[in-house]
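*Asks:* Sharing a structure here in structure tokens format.
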Amino acid sequence: GYHPNKDGRSRKYNAVYVMQNGKYAGRMEENGILPQGIQPKTLLPNYRFFDDERYFFSLPDVAADYGKEFSELLSPFLISKGDENIPVGLELCEDLWCEDYRINGSPLNITNILIESEAQKIVNLSASPWTFRKNHARDRRVKFLKEQSDTFVPFYYVNCIGVQNNGKNVITFDGGSTVYNTNGEPCLLSGKGWEEDLMIIDEHTSFSDCKRKIGNTTREKYLAITNGLRYSKNILGEDPKFVIGLSGGIDSSLVASLLVIAFGKENVIGLNMPSKYNTEKTKAAAHTLAEKLGIKYLIMPIEDMVNANKSTLELDGQALSEFNLENVQAKIRGTSILSNLAAKYRCFFPSNGNKLEIALGYSTLYGDWGGAIAPIGDLTKSEVVAMCRYINDEVFEEEIISELLLPDALWRYSRDQIQPSAELKENQVDPMKFGYHCKLLEEITNYQKKSIEDIMSWYLGGILHKKLNINIELMARWKIDEPEEFLRDLEWFYDTIQKNVFKRVQCPPIILTSKSSYGYDIRESILPVRKTRKFEELNEKILEMDRYLPKGD
């Protein structure tokens, strides 16, 4: 009969091929519907950047088409070992993450169905993207399967390595393959991350529990970014070359360092484009970084181009505002110089923006908001600082990124240090409340996103500092402990984020390091901000407070 896909085209399956000695493996019970040796995926994720349901036909859909229960199409494959055939249940990726898929009020537990069908082992083949502590999340899922089953069998979790992209995000795969024993506990761990690993287990002696170490957040994000960058070699067939705008600030310093680590100093060119607003301190910082990295370094002043653009744009008799002139400088740097120099040298240029800047639209379209890739586009400013320290201490083992750029724990800078600044006008400093805004952004963009009303409720209840994992001193440093300033800043923060959706959807591809990244992970609509009734009620209550009252531990 005619069996089309839901869109009227040919059906496509995300499926596992099971073969042994050049032949398809047989099932314990053939069903006459599925081809021999092929098992389609049961659960198709449709969240974050996953679009399985858009492209693939699931096992339950196949079963429904043929008037069967999908469990009738789940049967272990027979794998020969000597003179015996061992029933092995095969799963694909999401089939492990079944807790939130429900049928008749219970989890749709593929593993349990296979075990009840006499599978003696389970093999889960995955393309599971990396996020921090993902291995611990996988451990919890396997433990859940064990708790849901009367019996459990050895579980082999086999994850891929490498990098994929969807045009808006660069997504890394860390491997992390693990063998679990009949208690649902890890008993063999891959010793490598983002690398192929041959793992051998003696089933007669090696099924005792082993403990997984908690990794260093910054190190793992560093590995994700450098592996994500190196992926471009797979597309081009050779190491790409980059020309990067070096302002002397912390973001461009980090991106330049990451590019050198990923591709070598011979493939990176640093470009400083000073105007009359750039200080000698930042110009010196850019030059020193280039020297320490050993990269080619160019200086191209933009003041004459700014004046020429100003003269041309004022031919209509209307003067440019100070803000207009700020954008003119950014566009000259990004479009007139950086993009054209990249074309001249047949190389790419990166976006140096961090996640906080991307959220708040703190950049200029056709200026610094451009490039082939955004290496730190999923790092908050706090994470940028942490990664700079990590690279200095653990990678280069010397001060490559200047300590002049690194603040103390309360985001204070001494007189001789360099504060974050676009340097597009006199005495300019970035408007963010660093540290606090970084944590706030994490909460409102996390996978379990928090609303503005959630944040206000935490403040009213005296638990905001706990929820954001910040100290009271940081709140006081930015005057967030003052109710009026808290509300003013919170509204500005949310409003500014929403007003800049149109910029974010034009961002270069971002390397994913969090559980929710801008790009194709967070999908946004260009809509106005609307205040709810609950917002107004909470606003009134907070204004009645004299000061933020932290609740004790």
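*Asks:* Ranked highest first by the average count of other Cβ atoms within 10 Å around their residues, in what order do 466-475, 138-147 fall?
*Replies:* Answer by packing, highest mean first, reads 138-147, 466-475.
*Asks:* Sticking to Cα atoms, compute the Rg of the range 469-539 to one decimal and its Dmax as the biggest Cα-Cα distance, whole number, in Å.
*Replies:* 15.5, 40
*Asks:* Please compute the net charge surrounding Glu69, taking Lys and Arg as +1 and Asp and Glu as -1 over other residues with Cβ under 15 Å from its Cβ. Intermediate results must be reported in sequence, preceding the final value.
*Replies:* Values: positive: Lys68; negative: Glu29, Asp61, Asp65, Glu72, Glu116.
Local net charge: -4.
*Asks:* List the equivalent ellipsoid semi-axes of the range 224-543 in whole Å, largest first, each obtained as the square root of 5λ for an eigenvalue λ of the Cα gyration tensor.
*Replies:* Equivalent ellipsoid of the range 224-543: 33, 24, 20 Å, largest first.
*Asks:* What shape does the chain have by the C-alpha gyration tensor, where a ≥ b ≥ c are the square roots of the eigenvalues, rounded means a/c under 1.5, and otherwise prolate means a/b greater than b/c and oblate the rest?
*Replies:* prolate
*Asks:* If you take the C-alpha gyration tensor of the range 135-276, multiply each eigenvalue by 5 and take the square root, what semi-axes do you get, largest first, in whole Å? Intermediate results must be reported in sequence, preceding the final value.
*Replies:* Details: eigenvalues 342, 46, 33 Å².
Its equivalent ellipsoid spans semi-axes of 41, 15, 13 Å.
*Asks:* Give me the angle, in degrees from 0 to 90, between the Cα long axis of helix 134-148 and the longest principal axis of the Cα atoms of the chain, rounded to the nearest 10.
*Replies:* That works out to roughly 30 degrees.
*Asks:* Any idea what the relative contact order of the range 15-216 is, in percent, if you count C-alpha pairs under 8 Å spaced at least 6 apart?
*Replies:* 13
*Asks:* Right, something else. What percent does the relative contact order of the chain come to when contacts are Cα pairs within less than 8 Å and at least six residues apart?
*Replies:* 11
*Asks:* Under 1.5 on a/c is rounded, so check that first for the range 401-549, then, if it is not, pick prolate when a/b is larger than b/c and oblate when it is not; a ≥ b ≥ c are the square roots of the alpha carbon gyration tensor eigenvalues. Kindly include the intermediate steps, with their values, before the conclusion.
*Replies:* Working: a/c = 1.68, a/b = 1.10, b/c = 1.53.
Judged from the Cα gyration tensor, the range 401-549 comes out oblate (a/c at least 1.5, b/c at or above a/b).
*Asks:* Past the 32 Å Cα-Cα mark, which pairs from Lys281/Lys310; Lys121/Lys450; Lys310/Lys479; Lys23/Lys134; Lys466/Lys499? Walk me through the numbers on the way to the answer.
*Replies:* Values: Lys281/Lys310 27 Å; Lys121/Lys450 40 Å; Lys310/Lys479 39 Å; Lys23/Lys134 35 Å; Lys466/Lys499 29 Å.
Table pairs above 32 Å Cα-Cα are Lys121/Lys450; Lys310/Lys479; Lys23/Lys134.
*Asks:* Let me ask something additional. How would you rank 246-259, 362-375, 196-209, highest first, on the average number of other Cβ atoms within 10 Å across their residues?
*Replies:* Most protected by this proxy first, the peptides run 246-259, 362-375, 196-209.
*Asks:* Using a cut-off of 11 Å between beta-carbons, work out the net charge of the residues near Glu220 (Lys and Arg +1, Asp and Glu -1, Glu220 not included).
*Replies:* That sum, taken over residues with Cβ under 11 Å, equals +3.
*Asks:* Only bridges with both residues in the chain count here: give the DSSP antiparallel percent, nearest 5.
*Replies:* That works out to approximately 50 percent antiparallel.
*Asks:* Moving on. Please tell me the relative contact order of the range 224-543 in percent, rounded to the nearest whole number, where contacts are Cα pairs under 8 Å and at least six residues apart.
*Replies:* Details: 449 pairs, mean separation 57.6, N = 320.
That works out to 18 percent.
*Asks:* Quick one: which of Lys265/Lys355; Lys241/Lys381; Lys449/Lys531; Lys292/Lys433; Lys192/Lys515; Lys41/Lys213 span more than 20 angstrom between C-alpha atoms?
*Replies:* Beyond 20 Å: Lys265/Lys355; Lys241/Lys381; Lys292/Lys433; Lys192/Lys515; Lys41/Lys213.
*Asks:* Using a cut-off of 17 Å between alpha-carbon atoms, which aspartates and glutamates can reach Lys296, once sequence neighbours fewer than 8 places away in the same chain are excluded?
*Replies:* Asp239, Glu266
*Asks:* Continuing with the same structure: Quick one: grab the alpha carbon gyration tensor of the range 15-174, order the square roots of its eigenvalues as a ≥ b ≥ c, and give me rounded if a/c is under 1.5, else prolate or oblate depending on whether a/b is larger than b/c.
*Replies:* Rounded, since a/c falls under 1.5.
*Asks:* Taking the highest mean first, how do the peptides 2-13, 331-342 order by number of other beta carbon atoms within 10 angstrom per residue?
*Replies:* In descending order of packing, they fall as 331-342, 2-13.
*Asks:* Let me check I've understood the local charge: for Cys438, count other residues with C-beta under 12 angstrom from its C-beta, Lys and Arg +1, Asp and Glu -1. What total comes out?
*Replies:* For residues surrounding Cys438, the net value is 0.
*Asks:* Between the helical axis of 322-331 and the dominant principal axis of the chain, each derived from Cα atoms, what acute angle in degrees is found, rounded to the nearest 10?
*Replies:* 50
Every read-out reported here was derived from the displayed coordinates using simple, explicitly stated rules and does not represent laboratory data. Predicted, not measured: the structure shown is a model, and the values here were computed from it. FYI the Cβ positions are ideal-geometry reconstructions off the backbone, even for glycines, and counts take in every protein chain you see.
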